[in-house]
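The values are calculated or read from the model by the stated rules, or taken from the named source; none is laboratory data. If you're wondering where the values come from, they're calculated on a predicted model, not measured in any experiment. Don't worry about glycine lacking a Cβ; one is built from the backbone with ideal geometry, like all the others, and counts go over all protein chains shown. For accessibility, only protein heavy atoms count, side chains too; no ligands or nucleic acids. Shrake-Rupley method; radii C 1.70, N 1.55, O 1.52, S 1.80 Å.
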Amino acid sequence: MEFLKPWMPAGSHAHRLQEELASELGARHPLKGRDMRAIAVRQDCDDVLFASMDDPKVLAVVHLTYANRPESDPRWPETTMFASIEDWVERGMKQDHDDFTA
């Protein structure tokens with residue numbers, strides 16, 4: 001997949017990002033217990049695109065907090081869900097690109 005700036009592949013950072021996500025998810029967070037894989041990162045902030053490997057499939061952009069502990073409020077880390085990769089491209093990546101290059 002071709003990413004538009006400010007998005008880029010997670011690459012060699014993927015495992016570290018997945019560990020950080022797991023450490024931040026509190027018991028009531030919607031991604032808790034899911035097998036999430038880091039796909040892409042924003043170069044200008046702490047947003048990461050994650051995809052689930054388990055069912056039902058989930059695609060989410062998570063703003064990592066780097067709190068080094070589970071968040072007690074299920075609104076954190078802030079998470080935006082997408083219906084599909086096409087949905088993320090349209091509502092996420094393209095909009096972020098327009099904002100970044102404006």
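Overview of results
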{"item": "Hits in region 1-35 - residues which are of a type in the set (D, E, K, R) and either assigned to a loop (DSSP other than H, G, I, E, B) or open to solvent by 80 Å² or more (accessible area, probe 1.4 Å) (or both)", "result": "E2, K5, R16, E19, R28, K32, R34, D35"}
{"item": "Identity of the residue in region 65-82, in contact with a strand residue (DSSP E or B) (Cβ under 6 Å, 6 or more places away or on another chain) and open to solvent by less than 80 Å² (accessible area, probe 1.4 Å), that ends up farthest from S23 (Cα to Cα)", "result": "F82"}
{"item": "Selection count, region 36-70, where residues are small (G, A, S), touching a helix residue (DSSP H, G or I) at 6+ places or on another chain (Cβ under 7 Å) and part of a strand (DSSP E or B)", "result": "1"}
{"item": "Matching residues, region 83-102, being without any contact (Cβ under 8 Å) to a residue 40 or more places away in the chain and open to solvent by less than 80 Å² (accessible area, probe 1.4 Å)", "result": "S84, D87, W88, V89"}
{"item": "Check on L59, within 11 Å of the chain's Cα centre (by Cα), more than 13 Å from L4 (Cβ to Cβ) and open to solvent by less than 60 Å² (accessible area, probe 1.4 Å)", "result": "yes"}
